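What follows is a set of notes on a single structure, which appears directly below.
The values are calculated or read from the model by the stated rules, or taken from the named source; none is laboratory data. Note that the structure is predicted; figures quoted are calculated from it, not measured. Methodologically, a virtual Cβ is constructed for each residue, glycine included, from the backbone with ideal geometry; neighbour enumeration extends over all protein chains shown. Ligands, DNA and RNA are stripped out before the accessible areas are found, and what is left, the full protein with its side chains, is counted by its heavy atoms. Shrake-Rupley method; radii C 1.70, N 1.55, O 1.52, S 1.80 Å.
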Amino acid sequence: MLQVAIMHTLIPIESPLFLSGSELDEQPAWAMIFGNRNPLVLEIGCGIGDFVVAMATRHPELNFIALDFYNKGCLKSCKRAERAELTNVRIVRDEARSFIRRCLAPASLQAVFINCPDPWPKRYQRKRRLVNQEFISFLEPYLQPGAILHFATDFDDYGIDVANLLRRQPGFENLLAPDHWRHDLEGYPRTKYMLKFMAEGKEIYFVQYRRRTAE
Ligand SMILES: C[S@@+](CC[C@H](N)C(=O)[O-])C[C@H]1O[C@@H](n2cnc3c(N)ncnc32)[C@H](O)[C@@H]1O
């Protein structure tokens, strides 16, 4: 029988800003990687890197880890961050949960951004969504007390679900109260996917919660 091997070759990424998750040590020394001890911010699913570049340009006092398992997106993100001459960004190709578990210490993140995660719109697909109760419980200990979790989606059912989920978490407080979500947040950079959905007339759901500090 003729067997046809389909090779999925990854375009090599030769950028000083790129880190392959599979080659990273467990619990890498982020202060060594960034060359300073500035607070860490994580973006999950950075896509083409437009958001992280906008944020890292505004906040040179923070170190941004932009994560995606999509190689081409990582390549585009690296090019974009290099063009902006940023030194406070690293683009990591890895799966979010696996990366967080292996490479981040408890209470090490000052903020997490999740913009337009894959919506898995069909009912039978929803268990594949990244953000659910299990994920929030998993992520919470990696946030410092006072750290902010930013979530944005164009998919109303996902936005409302995450807002309701976070509302029930005793460890988090709603920064947009009394609203559970907003459709506009001044100053929040719009991502490629947000702009695409907005052009189709869809509304974005922004949800923002802060991990409570101990009383
Ligand atoms: C719909 S795109 C949104 C990209 C970007 N945030 C934006 O708003 O334009 C979702 C991105 O998340 C990435 N992604 C989805 N699940 C992931 C996971 N578990 N770990 C890492 N990246 C993930 C995908 O590869 C994709 O690039």
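Take the solvent-accessible surface of the protein heavy atoms, probe 1.4 Å, and return the percent of it on the chain that carbon and sulfur atoms account for.
Working: 6310 of 11790 Å².
Ligands and nucleic acids excluded, carbon and sulfur give 54 percent.
Measure off 7 Å from each Cα along the Cα-to-Cβ vector at Ala84 and Arg168, then give the distance between these two points in nanometres to one decimal.
Here the modelled spin labels are 3.6 nm apart.
Determine which lysines satisfy two conditions relative to Lys127: a Cα distance under 24 Å, and not lying fewer than 8 residues away in the same chain.
Lys202
Net charge near Leu139: determine it from the other residues with C-beta under 11 Å of the C-beta of Leu139, scoring Lys and Arg +1 and Asp and Glu -1.
Net charge in that neighbourhood comes out at +1.
At what distance in angstrom do the alpha carbon centres of segment 51-106 and segment 113-132 lie from each other?
Cα centroid to Cα centroid, the span is 21 Å.
Taking Lys79 as the anchor, which lysines have their alpha carbon closer than 22 Å to its alpha carbon, excluding any fewer than eight residues away along the same chain?
Lys192, Lys196
In sequence order, what are the phi-derived ³J(HN,Hα) couplings for segment 173-181 according to the Karplus relation 6.51 cos²θ - 1.76 cosθ + 1.60 with θ = phi - 60°, rounded to whole Hz, with x for glycine and proline?
10, 7, 7, 9, 3, x, 6, 8, 7
Is it possible to state the helix-based mean residue ellipticity at 222 nm for the chain, with each DSSP H run of 4+ residues giving -39500 (n - 2.57), the sum divided by total residues, to the nearest 500 deg cm²/dmol? What is it? If you can, show how the numbers build up before the last one.
Values: 7 runs with 62 residues, N = 215.
After summing the helix terms and dividing by the residues of the chain, the value is -8000 deg cm²/dmol.
Evaluate the distance, in nm, between pseudo-label points positioned 7 Å from the Cα of Thr9 and of Arg97 along their respective Cα→Cβ axes.
3.3 nm
Once phi is turned into θ = phi - 60°, what whole-Hz ³J(HN,Hα) does the Karplus curve with 6.51, -1.76 and 1.60 give for every residue of segment 57-69, x standing for Gly and Pro?
My calculation for segment 57-69 gives 5, 6, 10, x, 7, 10, 9, 10, 9, 10, 10, 7, 9 Hz in order.
Quickly rank 96-104, 67-75 as a protection proxy: mean count of other C-beta atoms within 10 Å, highest first.
Sorting 96-104, 67-75 by mean packing, highest first, produces 67-75, 96-104.
Which of the aspartates and glutamates could a cross-linker bridge to Lys76, judged by Cα under 17 Å and excluding same-chain residues fewer than eight apart?
Glu14, Glu43, Asp50, Asp68, Glu85, Asp94
Is any residue of segment 89-111 close enough, with backbone N under 17 Å, to a label point placed 7 angstrom from the Cα of Ala31 along the Cα-Cβ axis, and if so, which?
104-110, by backbone N distance to the label point.
What FRET efficiency comes out for Met198 versus Ala107 if R0 is 30 angstrom and r is the Cβ-Cβ distance? Round to the nearest 0.05. Spell out each step's value before the answer.
Working: r = 35 Å, r/R0 = 1.17.
Computed FRET efficiency for Met198 and Ala107: 0.30.
Roughly how many nanometres apart are two label points built 7 Å out from the Cα toward the Cβ at Arg212 and Phe69?
Roughly 3.3 nm, to one decimal.
Note down the relative contact order for the chain as a percent, whole number, built from C-alpha pairs under 8 angstrom at least six residues apart. Walk me through the numbers before you get to the answer.
On the way: 372 pairs, mean separation 41.3, N = 215.
Here the relative contact order equals 19 percent.
Ordering Ser137, Ser22, Ser15 by how much accessible area each has at a 1.4 Å probe, largest first, what is the list?
In descending accessible area the options line up as Ser22, Ser137, Ser15.
Using a cut-off of 9 Å between beta-carbons, work out the net charge of the residues near Val53 (Lys and Arg +1, Asp and Glu -1, Val53 not included).
+1
Considering amide H positions built from the backbone, and no H for Pro or chain starts, which residues 5 or more places from Ala111, or on another chain, come under 5 Å of its amide H?
Those lying under 5 Å, H to H, from Ala111 are Leu42, Ile148.
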